[in-house]
Amino acid sequence: MTGTTTASTSLELHDPEHRHRDIRGGSARAAVFGMSDGLVSNASLVLGIDGAHPAAAVVRLAGLAGLIGGALSMAAGEYVSMRAQAELFERELDVERAEIHRYPDGERRELALIYERRGVARDAAEDLAAQMMATPDRALETHAREELGIDPDELGSPVAAALASFASFAVGAFVPLAAFLVLAGSTATLLAVGLSAAAATAVGVTLALFTGRPWWISGLRQLALCSAAAAVTFGVGAAVGHGGGI
């Protein structure tokens, strides 16, 4: 009976259906962060301008400028970052490819040493390294993974990343602006605050799906951060407006 219980417990602990979250890539996670950036930045901008009590058209113009300018900035920054990263990885792969071609024995020994440091017996490490060095493509892929920590087939697309950043930022930035596109005055302000608060909470709850944290903590934290940023800029706008700056 004890043996059966032990075996059953072992199967439960090593459930083959168990899967870890993908914490390396995640376009969905990146989109959520982009929406968060757009929401917080444009809510702060729109409410900051609105705090000075200008004409409704001024608030709309500021919000549209913040949405378009912020989304373009995010897209450009993401493209440059991804392009630079891809070029760096490609350069390192070219160097590694040349090394494998010129010094195959040295690269094989280097790979065997890596396996040995990970606890593989010397003979087994030598055999494994020889198998990995059997073809140039496999050798390059193995050295890229083991030495550089990259996958040659997954360097990322700068254009796709830029478009995703643009779209996600724009969606988040549109939320506080939407109220001022259809309303004006204090009614628009209250609606913008309500929409932004709801969106910030939703973003926080969604982030909890990736982090595994309690959804209510993540939601309240995101709400607090967005509220604090908007409150500060609204206060500055009100102070400047009342001081005769606008």
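Kindly list the number of the only condition in (1) assigned to a helix (DSSP H, G or I); (2) closer than 30 Å to SER41 by Cβ that fails for LEU155.
(1)
Let's see how each residue does on (1) assigned to a helix (DSSP H, G or I); (2) among the aliphatic types (A, V, I, L, M); (3) at pLDDT 95 or above:
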position	(1), (2), (3)
LEU190	yes, yes, yes
SER196	yes, no, yes
ALA199	yes, yes, yes
THR206	yes, no, no
ARG213	no, no, no
ALA224	yes, yes, yes
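Answer yes or no as to whether GLY241 is at pLDDT below 95, over 24 Å from GLY34 (Cβ atoms) and part of a helix (DSSP H, G or I).
Values: at pLDDT below 95: yes; over 24 Å from GLY34 (Cβ atoms): yes; part of a helix (DSSP H, G or I): yes.
Yes, satisfied.
So ALA75 clears everything in (1) outside any helix (DSSP H, G or I); (2) surrounded by 14 or more Cβ atoms within 10 Å (Cβ to Cβ); (3) hydrophobic (A, V, I, L, M, F, W, C) except one condition, right? Which one?
(1) is the only condition that ALA75 fails.
Can you confirm whether MET82 is buried (at least 19 other Cβ atoms within 10 Å of the Cβ), at pLDDT below 90 and in contact with a helix residue (DSSP H, G or I) (Cβ under 8 Å, 6 or more places away or on another chain)?
Taking the combined requirement at face value, the residue satisfies it.
Rundown of residues vs (1) in contact (Cβ under 8 Å) with a residue 60 or more places away in the chain; (2) under 16 Å from ALA98 (Cβ atoms); (3) surrounded by 15 or more Cβ atoms within 10 Å (Cβ to Cβ), yes/no style:
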{"residue": "ARG122", "(1), (2), (3)": "no, no, no"}
{"residue": "PRO136", "(1), (2), (3)": "no, yes, no"}
{"residue": "LEU155", "(1), (2), (3)": "yes, no, yes"}
{"residue": "PRO158", "(1), (2), (3)": "yes, no, yes"}
{"residue": "ALA162", "(1), (2), (3)": "yes, no, yes"}
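Taking interchain pairs and intrachain pairs at least six residues apart, which have beta carbon atoms under 8 angstrom, with the first residue in the stretch 48-67 and without any contact (Cβ under 8 Å) to a residue 40 or more places away in the chain and the second part of a helix (DSSP H, G or I) and buried (at least 22 other Cβ atoms within 10 Å of the Cβ)?
Matching pairs, first to second residue: VAL58/ILE49; ALA62/LEU45; ALA62/VAL46; ALA62/ILE49.
The values are calculated or read from the model by the stated rules, or taken from the named source; none is laboratory data. The shown structure was predicted, so the numbers you read here are calculated from the model rather than taken from an experiment. Cβ sites come from the backbone with ideal geometry, for glycine too, and all protein chains shown count toward neighbours.
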